[in-house]
1. If residue 241 passes every condition in (1) more than 14 Å from the ligand (Cβ to nearest atom); (2) over 19 Å from residue 58 (Cα atoms) but one, which one does it miss?
2. Applying the selection to the stretch 177-199, what residues are farther than 28 Å from residue 152 by Cβ, open to solvent by 40 Å² or more (accessible area, probe 1.4 Å) and not small (Gly, Ala, Ser)?
3. So residue 242 passes all but one of these: (1) farther than 18 Å from residue 136 by Cβ; (2) free of Cβ contacts under 8 Å to residues at least 12 places away in the same chain. Which condition number does it fail?
4. For the stretch 41-62, state whether one or more residues are under 21 Å from residue 106 (Cα atoms) and open to solvent by 20 Å² or more (accessible area, probe 1.4 Å).
5. In the stretch 155-185, how many residues are in contact with a strand residue (DSSP E or B) (Cβ under 8 Å, 6 or more places away or on another chain) and either within 13 Å of residue 124 (Cα to Cα) or within 9 Å of the ligand (Cβ to nearest atom) (or both)?
6. Just for the stretch 200-225: of the residues that are of a type in the set (S, T, N, Q) and within 22 Å of residue 146 (Cα to Cα), which one is most open to solvent (accessible area, probe 1.4 Å)?
7. So, in the stretch 74-101, exactly how many residues are without any contact (Cβ under 8 Å) to a residue 24 or more places away in the chain, of a type in the set (A, V, I, L, M) and within 16 Å of the ligand (Cβ to nearest atom)?
8. Could you tell me whether the stretch 188-202 includes any residue that is out of contact with any helix residue (DSSP H, G or I) (no Cβ under 6 Å at 6 or more places or on another chain), of a type outside the set (Gly, Ala, Ser) and within 15 Å of the ligand (Cβ to nearest atom)?
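The values are calculated or read from the model by the stated rules, or taken from the named source; none is laboratory data. Computed from a prediction, not measured in an experiment: that's the story for all the values here. Don't worry about glycine lacking a Cβ; one is built from the backbone with ideal geometry, like all the others, and counts go over all protein chains shown. Surface accessibility is based on the protein's heavy atoms, side chains included, excluding ligands, DNA and RNA. Shrake-Rupley method; radii C 1.70, N 1.55, O 1.52, S 1.80 Å.
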Amino acid sequence: MRKLLIMANWKMNKTAGEAVAFFDSLPALPAEVDTAVFAPLTALDALSKAPLAGVGLGAQNFHPAAAGAFTGEVSLAMLAPFGVRYVLTGHSERRDLFKESDAFVAEKYWAAADYGMMPVLCVGESMAIREAGGAEAHTRAQLDAVFGDMTGRVLPKEVIIAYEPIWAIGTGLTATAEDAEAMCASLRAHLADRLGKDVAAQARILYGGSVKPDNCAALFAQENIDGGLIGGASLEPASFAALVEKGCASCG
Ligand SMILES: O=C[C@H](O)COP(=O)(O)O
């Protein structure tokens, strides 16, 4: 039985003060659900000193190198002192807007795993790819870019994948629960091929893309959807708490 995992991706929102204020207003969350927030880098210091009521701390971005001439970047060792446990890799906004290639995403994923952090690997197709019938092949190839050659690799403590169809991100369009379930089931089957049945059975696969308190229950009730990676609806404490409460209820 996989525990529900609800992760907030605040993207480029919230100053350090606003991030702390979010937690000041956050109602108590049910312990039956794992939660985390991917905060902006500039809020991590303040959050590391604030009571987060059991919500894990994540960073949205980092550079895979240990140190060096990478102006504007931060390393995993720079994030660790703030209690960062999770890092995002392969988010479509990093892939599309900042031209992160499959190879660079893989480099980031394994750097985080080697460092002992938990990378969340995001995959997802554009509308053009979906309409051409290539959604499964595209997202499976994105998994292969990371897990295709496991020579010398040691998996992170937990494999977490976020399936986020690009056309659903921030658009108000959500994949139907059935479509999202079919994609997540396909990804889990592919993980079984690449990493073995046990790893695939334990991996948590999240859905992301315009998840809101009023549409999350049907998504989180699906067999192969183990939670959500939430953007817009995670910005307000009441909305985030409602997602966690409804998700908890939908999983019995
Ligand atoms: O990382 C989160 C996703 O990009 C989803 O964002 P959204 O909930 O605003 O559509």
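1. In the conditions (1) more than 14 Å from the ligand (Cβ to nearest atom); (2) over 19 Å from residue 58 (Cα atoms), residue 241 misses (2) alone.
2. Matches in the stretch 177-199: 178, 179.
3. (2)
4. Yes, some residue in the stretch 41-62 is under 21 Å from residue 106 (Cα atoms) and open to solvent by 20 Å² or more (accessible area, probe 1.4 Å).
5. 8
6. 202
7. Number of matching residues: 1.
8. No, the stretch 188-202 contains no residue that is out of contact with any helix residue (DSSP H, G or I) (no Cβ under 6 Å at 6 or more places or on another chain), of a type outside the set (Gly, Ala, Ser) and within 15 Å of the ligand (Cβ to nearest atom).
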